[in-house]
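The values are calculated or read from the model by the stated rules, or taken from the named source; none is laboratory data. Keep in mind it's a predicted model, so treat the numbers as computed, not measured. Every residue, glycine among them, receives a Cβ derived from its backbone with ideal geometry; neighbour counts consider all protein chains shown.
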Amino acid sequence: MVKALVENPEEVLYLKADTNYTVYSLNNGKKVISGFTLKRHEERDEYNHFLRISRGYLLNPKFIKEIVSEGADKAVLLMDGTLAKVSRRRFDVLTGL
């Protein structure tokens, strides 16, 4: 069981993998580090509406500003200015947005 590091998951912009850690990026600019992998967080009910766009990112769809496409490369621009690359095999999760 993963302990809740953030009281309200709706405050989370994205979760980013960092080896065997996960970095939470919050909408107030703070970052919180968890000792669990991104996969463990993805399996939690609070994050079931988040989008896994690559091995490294789990995004809150309500903070997506724009989907950027340059040739074969795809990325997501978030409200805080973060540009997260989308893997080509996971681009289909964004088609419904």
Revision key, fill the gap. Flagged in the range 24-43 as assigned to a strand (DSSP E or B), surrounded by 15 or more Cβ atoms within 10 Å (Cβ to Cβ) and without any contact (Cβ under 8 Å) to a residue 40 or more places away in the chain, in numbering order, are TYR24, LEU26, SER34
Point to revise | Subset of the range 44-62 (residues that are within 25 Å of LYS74 (Cβ to Cβ) and either without any contact (Cβ under 8 Å) to a residue 40 or more places away in the chain or part of a loop (DSSP other than H, G, I, E, B) (or both)) | key: TYR47, ASN48, HIS49, PHE50, ILE53, SER54, ARG55, GLY56, ASN60, PRO61
Revision key, fill the gap. Within the range 1-31, residues of a type in the set (Val, Ile, Thr) and closer than 18 Å to ALA84 by Cβ come out as VAL12, THR19, THR22, VAL23
**Study point:** Verdict on LEU58 being modelled with pLDDT of 95 or more, among the aliphatic types (A, V, I, L, M) and exposed (fewer than 15 other Cβ atoms within 10 Å of the Cβ)
**Key:** no
Study note, to complete from the structure: Of the conditions (1) in contact with a Phe, Trp or Tyr (Cβ under 9 Å, 6 or more places away or on another chain); (2) outside any helix (DSSP H, G or I); (3) modelled with pLDDT under 95, the single one that LYS16 does not satisfy is (3)
